[in-house]
1. Can you list the HN-Hα couplings for the range 205-220, worked out from phi with the Karplus curve (6.51, -1.76, 1.60; θ = phi - 60°), rounded to whole Hz and with x for Gly and Pro?
2. Rounded if a/c is under 1.5, else prolate if a/b is larger than b/c, else oblate: which is the range 142-181, with a ≥ b ≥ c the root eigenvalues of its Cα gyration tensor?
3. Regarding the chain, what whole-number volume in Å³ per residue does the convex hull of its Cα atoms give?
4. Cα atoms only, the range 101-255: Rg and Dmax in Å?
5. Near LYS100, which lysines are there with a Cα under 22 Å away, not counting those fewer than 8 places off in the same chain?
6. Excluding same-chain residues fewer than 8 positions from LYS69, which lysines have a Cα within less than 22 Å of its Cα?
7. Assuming R0 = 25 Å, can you tell me the calculated FRET efficiency for the pair GLN247 and ALA124, based on Cβ-Cβ distance, to the nearest 0.05?
8. So, by mean Cβ neighbours within 10 angstrom, what's the order for 147-158, 74-85 with the highest one leading?
Amino acid sequence: MFKIVRREEMSGGTVILNEIEAPRIAAKARPGQFLILKANENGERIPLTMAETDPVKGTVTVIYMVVGKSTELFSRLQVGDFFQNVIGPLGQPTHIESGKNVVCVGGGTGVAVLHPIARGMKEAGSRVTTIIGARNKDLLILEDKMRLASHELHICTDDGSHGRKGFVTEVLKELLQQGGIDQVVAIGPVPMMKFVSLLTKEFGVPTLVSLNPIMIDGTGMCGGCRVTVGGETKFGCVDGPEFDGHQVNFDELMLRLQAYTEQEKLSRHMCKCEGER
């Protein structure tokens, strides 16, 4: 059992932060790695990348958007409640180098995943420029933390309610045109990562993305998290979650995610119909 010691509602309650007691995980976790959490015996196993770790306090922090049955179940847990299972750290940690000029691009809840990576790169001695974006001001998260983790921060909103109106790719293109960028790290919705990768490929800048395929066991046994990278099949849980954005087949990934989403909708519809009989 893993106790929740801090809980914060963000973005009007649609995004939840949980800080969880897990000293053994906190001692080993590195930026870019993830956990698999289960609320109770009736819940699903959900993979979430850690937004922060504190080995001194023995805690790990996850941030998630309430979008379905399982995350809604997570959101009911309050301070003092417990997750039945927290497994990790899983996946490969981010390879962090020093002395680089790095641009970190985050969208939506991907900003939570990006935070420890940007901070780790800054602490290692790289210059970090960060671009974060969301549909509107209310959906932006971790602005203050990202400002501390970066040398320079750009904010974009689709509707212009905060920062610059437009997409993160517009700011990124301007920075790429200035030159001198060694690496781009992009984490967020799959379409965003796709278009960031297409843009950076034009400029020949290496790009790292963190993928979110459907994941079940987290050990590479089920094959549900398979993605095509450079024409080869990789598993998001053991080979990733981070991959070369120029090699990822994003169209295939989006089709697979869409297939599971449509199946979930169908299952809910069937359950509703059964309940109405």
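Derivation of every value follows stated rules applied to the coordinates shown; laboratory data play no part. Just so it is clear, the model here is predicted, and its values are computed rather than measured. Glycine gets a Cβ as well: all are built from the backbone with ideal geometry, and neighbour counts include every protein chain shown.
1. Whole-Hz 3J(HN,Hα) from phi for the range 205-220: 9, x, 9, 10, 10, 10, 8, 10, x, 4, 9, 10, 9, x, 10, x.
2. Numbers: a/c = 3.31, a/b = 1.11, b/c = 2.98.
Oblate, since a/c reaches 1.5 and b/c is not below a/b.
3. Working: hull volume 37.8 nm³, N = 277.
Once divided by residue count, the hull of the chain is 136 Å³.
4. Radius of gyration, then largest Cα-Cα span, for the range 101-255: 15.2, 45 Å.
5. Candidates past the 8-residue exclusion: LYS122, LYS145, LYS173, LYS201.
6. In chain and number order, the partners are LYS3, LYS38, LYS265, LYS272.
7. Working: r = 25 Å, r/R0 = 0.98.
Given R0 = 25 Å and the Cβ-Cβ separation, E is 0.55.
8. Details: 147-158: 17.7, 74-85: 15.0.
In decreasing order of mean packing, 147-158, 74-85 become 147-158, 74-85.
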